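To start, the structure itself, in structure tokens.
The values are calculated or read from the model by the stated rules, or taken from the named source; none is laboratory data. All values derive from a computational prediction rather than experimental measurement. Here the Cβ positions follow ideal geometry from the backbone for every residue, glycine too, while neighbour counts run over all protein chains shown. To get the accessible areas, we keep the full protein, side chains included, count just its heavy atoms, and leave off ligands, DNA and RNA. Shrake-Rupley method; radii C 1.70, N 1.55, O 1.52, S 1.80 Å.
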Amino acid sequence: MIKTLGIIISEALQDCKDSVSKKDILYLIKETFSISDVDLILNQNKQYDNSVLVERLKEFQEGKPVEMILGYAYFKGLKFKVTKDTLIPRSETEELVNRTIEYIKRNNINAKRIIDIGSGTGCIAIAMNKEYSDAIVDSVDISKAALDVAIINNVENHTKVNFYFSDCFDNVDDTKYNVIISNPPYIDRESFVQESVLKYEPHIALFAENHGLSIYEKMIKNASKYVDENCIIAFEISPEQEKALSIMFDTYLSDFNYWFEEDINNNKRYLFALR
């Protein structure tokens, strides 16, 4: 149905009960009609066919995340295809990449070989390859479906990441990396998780055994064989895992200097380690 933008916005927001939903709905409108924030204000008399938006709003009302409705998400200014087989790239993970790049610069690490463990959409590896275009960037995942999506994103973003089907380092050559970066599955199966996440995002990328620690344990136990002398390890974590991860580093990577950092919500969200 053809309506003015002003009416479309008004009708879309009619039953909106909170600011978060309002933000998502306006984002959905902008992406559906390929318009800007300025257009939302200045072009409210312009007419659009809202039939696609109506269907998308139905999905949104059912709890489907905006990125899953659209089929894509943005991460560090890059566009990534997302499907039911991949996690939605999140701002916390974008901050992991930003801080890792900052520590690489600050500590003069020669980021010539980088590995991302847990490819998903490929957003971490691709963003790192954009930053370090001359580096060899590898990325591994145990989900072939996720790797298919990551490979598409690799092509669409004009990067040259090497994607491998591998459980952590299992199918990786004895390569020495300067950067190991990962946002692995780290949620305890007993933890509360939002219904929309449980319903629309892959559980294989969310949950891990041993209270969410099993993937970290596998990475940390084996990392010494795959790191160069001058290197950084960067993990996204769950706040309650700080003590257990400290014990793992003290046990298996005692020659590293490691520390934890908080996210914007003051939750321990990152672990960084330098050697």
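Numbers for the structure displayed
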read-out: Residue within the stretch 215-228 that is open to solvent by less than 60 Å² (accessible area, probe 1.4 Å), assigned to a strand (DSSP E or B) and of a type outside the set (Phe, Trp, Tyr) present; value: yes
read-out: Flag if Asp228 is over 19 Å from Asp116 (Cβ atoms), in contact with a Lys or Arg (Cβ under 7 Å, 6 or more places away or on another chain) and not polar (S, T, N, Q); value: no
read-out: For Ile237: the one exception among (1) in contact with a strand residue (DSSP E or B) (Cβ under 7 Å, 6 or more places away or on another chain); (2) open to solvent by 20 Å² or more (accessible area, probe 1.4 Å); (3) at pLDDT 95 or above; value: (2)
read-out: First in the stretch 64-75 and within 18 Å of Ala150 (Cβ to Cβ), second anywhere and part of a helix (DSSP H, G or I) and at pLDDT below 95, Cβ under 7 Å, 6 or more apart; value: Met68/Tyr200
read-out: Residues of the stretch 11-50 classified as of a type in the set (Gly, Ala, Ser) and either at pLDDT 95 or above or not in a helix (DSSP H, G or I) (or both), total; value: 2
read-out: Subset tally (residues that are buried (at least 16 other Cβ atoms within 10 Å of the Cβ) and without any contact (Cβ under 8 Å) to a residue 24 or more places away in the chain) for the stretch 8-34; value: 1
read-out: Members of the stretch 127-153 found to be polar (S, T, N, Q) and surrounded by fewer than 23 Cβ atoms within 10 Å (Cβ to Cβ), listed by number; value: Ser133, Ser143
read-out: Hits in the stretch 57-81 (condition: surrounded by 14 or more Cβ atoms within 10 Å (Cβ to Cβ) and either more than 27 Å from Asn154 (Cα to Cα) or in contact with a His (Cβ under 8 Å, 6 or more places away or on another chain) (or both)); value: Leu57, Glu59, Phe60
